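In what follows, a structure is listed as structure tokens, so that the remarks can point back to it.
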Amino acid sequence: GAGDLLDHVTSQDVVTFTGSASTGLMLKSTPKILSESVPFNMEADSLNCIVIGEDVVPGMPEWDIFIKEIRKEMTLKAGQRCTGIRRIFVPDNKMEEVWKAIASSLSQTTIGNPLNEKVRMGSLAGQTQRNEVKDQVQKLLASSQIVYGSLDSVEVIDADATKGAFMSPVLLMNDKPFTATAAHEVEAFGPVSTIMPYKNIDEAITLSKLGKGSLVTTIVTADYKIAK
């Protein structure tokens, strides 16, 4: 909470916000911001994506880069980053290979007290934040399934899983990204990402655009034409 901070702004102030679209809308509607015409800049619900090219197969450096990047983006700051990867687009004939490779990579992520040198991922910002992330994942589960991780349990090092706001990385799979659109609209601001299939590069482009105002799209390919 910011107390009554926004009750004291004037037309000489600027408010800049990053976070969820719903919170941003609430803040933007504050009476003082409206009456004083306070400039309000909002960066919200960034459903960033990563696309692996049809040319990339296991054994290629690009394959390793792709898997490593997803793990990093899902676990760095426990996924609490506006540039975190929320949507993963993969050729439909490589879906199983990819999600299993991501799951294997995520399984190496040790969670717990960041002061312990063995730990690679700490807790979320607090219990409230963890509850919000879980609520958002429930919305995603209406059209997806968990292929790695758990909402109910997490193994931690040098910490108490019940007291700390720890959460397992969660990888979801959505087989019908064109009709089940929650993954393009709902951001779980934590270590959560959804893998989805595409049939050709045009589909990959269309799907990436469904994220609307996303900050980042990454394409991993060894083919300059695909990248272009």
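Relative contact order for region 130-228: 26 percent, from Cα pairs under 8 Å spaced at least 6 residues apart, divided by residue count. Please list, or write none, the lysines whose alpha carbon is within less than 22 Å of the alpha carbon of K228, excluding same-chain residues fewer than 8 places away. Hits, sequence-local ones excluded: K94, K199, K209, K212. Think of a 1.4 Å ball rolled over the protein heavy atoms: the chain then has 53 Å² of accessible area per residue. Quick check: at a probe of 1.4 Å, how many percent of the accessible area of the chain sits on carbon and sulfur atoms? That fraction is 52 percent. Close amide H pairs (under 5 Å, H built 1.01 Å from N) link M42 with F17, residues at least 5 positions away or on another chain.
A simple spin-label model places pseudo-atoms 7 Å from Cα toward Cβ; at D7 and R120 they are separated by 4.8 nm.
Note on region 104-156: Rg/Rh from C-alpha atoms, Kirkwood Rh, equals 1.01. Taking amide H as placed 1.01 Å from N in the peptide plane, T218 has its amide H under 5 Å from the amide H of C49, I50, V51, each at least 5 places away in sequence or on another chain. The orientation-averaged projection of the convex hull spanning the C-alpha atoms of the chain amounts to 14.5 square nanometres.
Extension gain for the segment F17 to S107, taken as residue separation times 0.36 nm less the Cα-Cα distance, is 29.0 nm to one decimal. Each Lys and Arg contributes +1 and each Asp and Glu -1, all at the Cβ; summed about the Cα centre of the chain, the dipole is approximately 60 debye. If a spin label sat at a point 7 angstrom from the Cα of L210 along the line to its beta carbon, the backbone N atoms of region 112-142 nearer than 20 Å would be those of 136-142. Between amide H atoms placed 1.01 Å from N, distances below 5 Å from V170 occur with V192, S193, all of them 5 or more places distant or on a separate chain. Dipole of region 1-75 computed with +1 at Lys/Arg Cβ and -1 at Asp/Glu Cβ about the Cα centre; of H8, I67, G19, farthest Cα towards the positive end is H8. Phi angles of region 148-161 translate, via the Karplus equation with coefficients 6.51, -1.76, 1.60 and θ = phi - 60°, into HN-Hα couplings of 8, x, 8, 8, 9, 9, 8, 8, 10, 10, 6, 7, 10, 5 Hz per residue; Gly and Pro are given as x. Here the Debye sum runs over all C-alpha atoms of region 7-129 as equal scatterers in vacuum, and log10 of I(q)/I(0) at q = 0.22 Å⁻¹ comes out as -1.20. Hydrodynamic analysis of region 107-190 uses the Kirkwood radius over alpha carbon pairs. Inserted into Stokes-Einstein at 25 °C and 0.890 mPa s, it gives a translational diffusion coefficient of 180 µm²/s.
The values are calculated or read from the model by the stated rules, or taken from the named source; none is laboratory data. Note that the structure is a prediction, hence the values are computed from the model and not measured. Note: ideal-geometry Cβ built from the backbone for every residue, glycine included; neighbour counts use all protein chains shown. Ligands, DNA and RNA are stripped out before the accessible areas are found, and what is left, the full protein with its side chains, is counted by its heavy atoms. Shrake-Rupley method; radii C 1.70, N 1.55, O 1.52, S 1.80 Å.
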